[in-house]
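The values are calculated or read from the model by the stated rules, or taken from the named source; none is laboratory data. Predicted model, so just to flag it, every value in this text is computed and none were measured. Methodologically, a virtual Cβ is constructed for each residue, glycine included, from the backbone with ideal geometry; neighbour enumeration extends over all protein chains shown. Just so you know, the surface numbers come from the protein's heavy atoms only, side chains and all, with ligands and any DNA or RNA stripped out. Shrake-Rupley method; radii C 1.70, N 1.55, O 1.52, S 1.80 Å.
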Amino acid sequence: QVQVVESGGGSVQPGDSLTLSCVVSGGSFRDYAAAWFRQPPGKEREFVAAIIWTGDSTSYLDSVKGRFTISRDNAKNTAFLQMNRVSPEDTAVYYCAAGTKYTRVKGLWDFWGQGTRVTVST
């Protein structure tokens, strides 16, 4: 049984940096693509970033390009989301997903974590 566990959320100020981690256990992480989605208060869950199995290809939501970086360490079964220059608009619950499809479509991901909350405010 595959489990996905996120960590690293918290309360930060605008302009700060934060790194989220996602550990995937119970499966072969190197066979999965990984992604981060987020759900702002009162809004739908949206795609943020994805990374292919080898880490050679990544994809980002336009509003986070140049500020966020997704990466992975297959030896540690872990994916990361480095968040720089955060703004209040980045406030959301961030979810990690793993699966066999490399896609921006949330319904096509196989495994999900419970989420970690990020709050950006002064």
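Within the set R45, R72, R67, R38, the sole residue that is open to solvent by 30 Å² or more (accessible area, probe 1.4 Å), within 11 Å of the chain's Cα centre (by Cα) and either within 23 Å of P88 (Cβ to Cβ) or not polar (S, T, N, Q) (or both) turns out to be R72.
Annotation: G107 fulfils all but one of (1) of a type outside the set (V, I, T); (2) open to solvent by less than 40 Å² (accessible area, probe 1.4 Å); (3) not in a strand (DSSP E or B); the unmet one is (2). Do the conditions hold for F80, that is, is it open to solvent by less than 10 Å² (accessible area, probe 1.4 Å) and out of contact with any helix residue (DSSP H, G or I) (no Cβ under 8 Å at 6 or more places or on another chain)? It is false that F80 is open to solvent by less than 10 Å² (accessible area, probe 1.4 Å) and out of contact with any helix residue (DSSP H, G or I) (no Cβ under 8 Å at 6 or more places or on another chain). Screening the candidates A50, A97, A33 for the property of being at pLDDT 95 or above, crowded, with 22+ Cβ neighbours inside 10 Å and closer than 17 Å to G8 by Cα yields one hit, A97.
Screening the stretch 1-14 for residues that are modelled with pLDDT of 95 or more and open to solvent by 50 Å² or more (accessible area, probe 1.4 Å) and picking the one that is nearest to F80 (Cα to Cα) gives S7. Within the stretch 56-67, at least one residue is within 27 Å of S121 (Cβ to Cβ), touching a Phe, Trp or Tyr at 6+ places or on another chain (Cβ under 7 Å) and free of Cβ contacts under 8 Å to residues at least 24 places away in the same chain.
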